[in-house]
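Here is the structure we will look at.
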Amino acid sequence: QVQLVESGGGLVQPGGSLRLSCTASGFTFSTYPMSWHRQAPGKERELVAFISPTTNTYYEDSVKGRFTISRDNAKNTIDLQMNNLKPEDTAVYYCSVNTKAQRYWGQGTQVTVSS
């Protein structure tokens, strides 16, 4: 079955950096686009970044120039490097894949940006 496991969240001061990782299994990882989403308290879940099988990328406007998504098809992982973090980046971050059957989500990892 499809499994997505995120890691790397935590508490960081404004201006700091974090790197999130997601390890995938149960599907042919190299053939699917992957994405990171986030959900802040009281808000809807939103797309943060997307990477295609050929490493084309998309970023939500508020994270452009600060976040970088990458993938390693040999390890079945995607990463999200987050730099110059802001308090408004505080959210639970989710890794996701949309297969032919359905969209799958990881369990999420909390990122808190606060002084």
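Just a few scattered comments:
- Whichever lysines have a C-alpha closer than 21 Å to that of Lys43, once near sequence neighbours (fewer than 8 apart) are set aside: Lys64, Lys86
- Rolling a 1.4 angstrom probe over segment 1-95 with all protein chains present gives an accessible area of which 48% lies on carbon and sulfur atoms.
- Overall, the chain carries a charge dipole of about 140 debye about its Cα centre when +1 sits on the Cβ of Lys and Arg and -1 on the Cβ of Asp and Glu, all other atoms neutral.
- For a label point 7 Å along the Cα-to-beta-carbon line of Lys43, residues of segment 14-28 with backbone N under 19 Å: 14-20
- Per-peptide average of other Cβ atoms within 10 Å, ordering 20-29, 77-86, 64-73 highest first: 77-86, 20-29, 64-73
- At a probe radius of 1.4 angstrom, the accessible area of segment 1-76 per residue rounds to 55 square angstrom.
The values are calculated or read from the model by the stated rules, or taken from the named source; none is laboratory data. Every value quoted in this text rests on a predicted model; they were computed, and no experiment measured them. All Cβ positions, glycine included, derive from the backbone under ideal geometry; neighbour counts span all protein chains shown. Heads up: the accessible areas ignore ligands, DNA and RNA and are worked out on the full protein's heavy atoms, side chains in. Shrake-Rupley method; radii C 1.70, N 1.55, O 1.52, S 1.80 Å.
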